[in-house]
Amino acid sequence: MSSLIVVDDEFAFADFVAKVATGAGYDVTVAETAADFRRLTERVWPRVLVLDLYMPDTDGIELLRELKERHCDSRIILLSGTDGRVLDAAYRLGGELGLAMAEKLTKPVRAPDLRRLLDGLRGDRPPPTAESLAAAIAGEQLFLLYQPKVELKSGRIVGVEALVRWRGEDGGVILPDSFIPLAESAGLIDALTDWVVRAAFRQAGHWQGRGLDLHMAINLSAGNIHDRHLPDSVARQCAEAGIAPESVTLELTETASSKDSATMLEVLGRFRLKGFRLSIDDFGTGYSSVAQLLRLPFSELKIDKSFVSEIGRSREADIVAKTLIDMAHNLGLTTVAEGVESQRSLTALRAWDCAMAQGYLFSRPVAAEAVEQMLPPQESGA
Ligand code: C2E
Ligand code: MG
Ligand code: MG
């Protein structure tokens, strides 16, 4: 049985985590103080550690450093009740120290979200290997879900983002954060992207054939951009599927695009010349400067969900989101807010003139048929 320790002095919260984790099959222990925690982990590390940044006798950042010194190999979930920025900084620090940071969560945490996270961390599934991923790509064990992109003025679904999933041997679903980094490091990212592009274009062609006008967004990895031939092969696949490049958006994370090289400029420039739209994803989380953003030919900016989810709860998140929207508009970029979960965020984003939104408030990523059911009857051809 996988073990989990929750370190939190707030009884009600520790109890909540303990209940969800027990339900997910963990053997759970609660540590109310750092001293308790040290005693519990003297000999063996639990599979998962749930840590509150704010504790009475130490702070989470100090504890992270201690974990590194004591060679902790637990998967770490970092929590905070207040400042999202401190949480982000601490989470990043943990990663830089080489700790296995699994997720950062702001309270209140929803039980289904925590459950899903814990299910993925249980460890009864062997970690993916390069061989198993290569076999999954070749053997059609990957599949795509689609998350609707909603135009805020009209409330219409104008497109979808394709998000890859891996159906594991045990029938469970493996999320991309658990295998995209592996694909990148094992030299499988081109094969994976090729599969995703093919599957997403096939779906887009199918929708177009039924008269459904949906934009398709696809995520690219930093590793893909170093292939100079990528724009040609994507354009060819587009033509084969019978869809227009103008209806395709390629999303690149901010961190990926900060590797600003001549090849990057060449590849991105050629995508644009061929008519594809380019989006800078997770904007606000990387280190790229606005100058870098200006140098690359993006058409869309996606505000990272870490800000969007905090809108209306954190003054900083409000300022960042609003400033990014204004800046994007001034640069002639379309704005998309990702991770819209509340009416509160939506109302603010509308007031700030954000063009599009994606998030659980509208829909989780779903199968293609489920997207069709969300479209108005005249559009779905029914
Ligand atoms: P991303 O491109 O920024 O995608 C958004 C992620 O946020 C998705 O996670 C989506 O399920 C999740 N999300 C959407 N709405 C909400 C919300 O309201 N609240 C919260 N908490 N989350 C929301 P997912 O599908 O697990 O993908 C994670 C990341 O993996 C993606 O982030 C993307 O960077 C990468 N990825 C996904 N599919 C592909 C792919 O086909 N190729 C490559 N290279 N990367 C991919
Ligand atoms: Mg994306
Ligand atoms: Mg994103």
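The values are calculated or read from the model by the stated rules, or taken from the named source; none is laboratory data. As the structure is a computational prediction, the values presented were derived from the model and not from experiment. Glycine gets a Cβ as well: all are built from the backbone with ideal geometry, and neighbour counts include every protein chain shown. For the accessible areas, the whole protein counts, side chains as well, though only heavy atoms, and no ligand, DNA or RNA atoms are used. Shrake-Rupley method; radii C 1.70, N 1.55, O 1.52, S 1.80 Å.
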query: Looking at R85, is it assigned by TED's automatic domain parsing to the domain that holds E246, of a type in the set (D, E, K, R) and more than 20 Å from V30 (Cβ to Cβ)?
result: no
message: Out of everything in segment 356-382 that is under 20 Å from T253 (Cβ atoms) and touching an Asp or Glu at 6+ places or on another chain (Cβ under 7 Å), what residue ends up being modelled with the lowest pLDDT?
response: G359
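Take segment 124-148 and flag every residue that is under 21 Å from M1 (Cα atoms) and surrounded by fewer than 14 Cβ atoms within 10 Å (Cβ to Cβ).
Hits for segment 124-148 are D124, P126, P127.
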query: What tally of residues in segment 326-354 results from selecting those that are within 16 Å of ligand 3 (Cβ to nearest atom) and either touching a helix residue (DSSP H, G or I) at 6+ places or on another chain (Cβ under 6 Å) or of a type outside the set (D, E) (or both)?
result: 12
task: Specify the residue that is least open to solvent (accessible area, probe 1.4 Å); the eligible residues are those in segment 173-221 that are more than 25 Å from E151 (Cα to Cα) and either within 16 Å of ligand 3 (Cβ to nearest atom) or not assigned by TED's automatic domain parsing to the domain that holds S299 (or both).
output: S221
message: Looking only at helices (runs of 4 or more DSSP H) that lie completely in segment 186-299, which have at least 3 residues being of a type outside the set (F, W, Y) and more than 26 Å from G339 (Cα to Cα)?
response: 189-209, 230-241, 262-273
- prompt: Can you pull out the residues in segment 323-339 that are in contact (Cβ under 8 Å) with a residue 12 or more places away in the chain, surrounded by fewer than 17 Cβ atoms within 10 Å (Cβ to Cβ) and part of a loop (DSSP other than H, G, I, E, B)?
  reply: L331
- prompt: Across segment 298-321, what is the total count of residues that are more than 16 Å from ligand 2 (Cβ to nearest atom) and small (G, A, S)?
  reply: 4
query: Is there any pair linking a residue in segment 109-121 that is farther than 15 Å from E341 by Cβ to one that is within 11 Å of ligand 1 (Cβ to nearest atom), with Cβ under 7 Å and at least six apart or on different chains, and which?
result: L117/E103; G120/L175; G120/S178
Filtered residue count, segment 82-123, keeping only those that are loosely packed, with under 15 Cβ neighbours inside 10 Å, small (G, A, S) and in contact with a strand residue (DSSP E or B) (Cβ under 7 Å, 6 or more places away or on another chain): 1
message: Restricting to segment 149-172, name every residue that is open to solvent by 20 Å² or more (accessible area, probe 1.4 Å) and of a type in the set (V, I, T).
response: I157, V158
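Residues checked against (1) among the acidic types (D, E); (2) within 15 Å of L331 (Cβ to Cβ); (3) at pLDDT 75 or above; (4) away from ligand 3 (no atom under 16 Å from the Cβ):
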position: E251; (1), (2), (3), (4): yes, no, yes, no
position: M264; (1), (2), (3), (4): no, no, yes, yes
position: G275; (1), (2), (3), (4): no, no, yes, yes
position: S289; (1), (2), (3), (4): no, yes, no, yes
- prompt: When you scan segment 16-115 for helices (runs of 4 or more DSSP H) that lie fully inside it, which ones turn up with 1 or more residues that are under 26 Å from E316 (Cα atoms) and modelled with pLDDT of 90 or more?
  reply: 60-69, 84-96
- prompt: Can you tell me how many residues in segment 340-359 are open to solvent by less than 20 Å² (accessible area, probe 1.4 Å) and either closer than 25 Å to L268 by Cβ or assigned to a strand (DSSP E or B) (or both)?
  reply: 3
query: Residue check, D73 against (1) assigned by TED's automatic domain parsing to the domain that holds F16; (2) within 16 Å of ligand 2 (Cβ to nearest atom); (3) of a type in the set (D, E), all met but one. Which one?
result: (2)
Long-range neighbours under 7 Å by Cβ, at least six apart or interchain, first residue within 18 Å of D177 (Cβ to Cβ) within segment 80-103, second among the hydroxyl-bearing types (S, T, Y) and part of a loop (DSSP other than H, G, I, E, B): A100/S74
